[in-house]
Amino acid sequence: MPGISSSFELNSVEWRRITDPNCKAFLVDFEYSLLGYDTPTGRLDMLLRYGKGGHCRLHRHVASTVTLVLEGDQILKEIGADGSSRAIHRKKGDYALAPADALPHIEHGGENGGTVMLSMTAPDGILFEYFDDAMNSTGTVSIAEYVDSWVRGTAYGKNQAFGVDQPDLLPGIVSGTEVMWLPAT
Ligand SMILES: [Fe+2]
């Protein structure tokens, strides 16, 4: 049955935090909450909150994505295939509809962070693709994988997302709802 949350009230939804101290290029620190999904039709809705100075992992959206900025700012640096870059700055109240197969980007909040709601449509079920610092693809995450990780209390995204030099990292709960990437044991 589709659906997880009956509310997007930011103070009451379940948040999970992802950090990655192994990423040296920028500070990976964000929280997310799964609002709902419908696997057969390729839909997934989520909240994303950037910690102060925190970034998402380097990724691109394979799914078509609607973004609503609920709090603060969302700042993107899109990276083109030729190495060029384009800055995007969205503020509270902004709406954006991005087509599928978007460019890779570095993503973070403003001075006081930011919170966005993402509503994604993925006909083939793939939501995101991840990249290493050299912009090599390191894997994707599907709706099924995302939901499975949520149910199991782990983080979405591939362990390979952090580079071939860290093949033994696995997602794991550190404390409460904080998720970090830990060495496999
Ligand atoms: Fe993004």
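The values are calculated or read from the model by the stated rules, or taken from the named source; none is laboratory data. Remember, it's a predicted structure, so these values are computed and weren't measured experimentally. No Cβ is skipped: glycine too gets one built from the backbone with ideal geometry, and neighbour counts run over all protein chains shown.
Regarding Phe162, is this residue under 23 Å from Ile75 (Cβ atoms) and at pLDDT 80 or above?
Details: under 23 Å from Ile75 (Cβ atoms): yes; at pLDDT 80 or above: no.
So Phe162 does not fit the description; no.
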Matching residues in segment 72-115 - criterion: being over 16 Å from the mean Cα position of the chain (by Cα) and crowded, with 17+ Cβ neighbours inside 10 Å: Gly72, Ile79, Arg90, Gly110
Breaking point among (1) under 24 Å from Ser12 (Cβ atoms); (2) modelled with pLDDT of 95 or more, for Gly125: (1)
Residue under evaluation Val141, criteria (1) in contact (Cβ under 8 Å) with a residue 40 or more places away in the chain; (2) within 14 Å of the ligand (Cβ to nearest atom), criterion not met: (1)
Yes/no for Asp133 being touching a residue at least 60 places away in the same chain (Cβ under 8 Å) and away from the ligand (no atom under 15 Å from the Cβ): yes
Scope segment 152-161; condition part of a helix (DSSP H, G or I) and either under 13 Å from the mean Cα position of the chain (by Cα) or farther than 22 Å from Arg43 by Cβ (or both); matching residues: Asn159, Gln160, Ala161
Matching residues in segment 51-72 - criterion: being part of a strand (DSSP E or B) and within 14 Å of the ligand (Cβ to nearest atom): His55, His59, Arg60, His61, Ser64, Thr65, Val66, Thr67, Leu68, Val69
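Any residue in segment 5-12 that is surrounded by fewer than 18 Cβ atoms within 10 Å (Cβ to Cβ), among the aliphatic types (A, V, I, L, M) and touching a strand residue (DSSP E or B) at 6+ places or on another chain (Cβ under 9 Å)? Before the answer, list the steps.
Within segment 5-12, the first condition is being surrounded by fewer than 18 Cβ atoms within 10 Å (Cβ to Cβ), and the residues that meet it are 5-12.
Subsequent filtering for residues that are among the aliphatic types (A, V, I, L, M) retains 10.
Next, only the ones that are touching a strand residue (DSSP E or B) at 6+ places or on another chain (Cβ under 9 Å) stay: 10.
Yes, because at least one residue in segment 5-12 is surrounded by fewer than 18 Cβ atoms within 10 Å (Cβ to Cβ), among the aliphatic types (A, V, I, L, M) and touching a strand residue (DSSP E or B) at 6+ places or on another chain (Cβ under 9 Å).
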Checking Ser33 against (1) under 18 Å from Ile106 (Cα atoms); (2) without any contact (Cβ under 8 Å) to a residue 40 or more places away in the chain; (3) in contact with a Phe, Trp or Tyr (Cβ under 9 Å, 6 or more places away or on another chain), the condition it does not meet: (1)
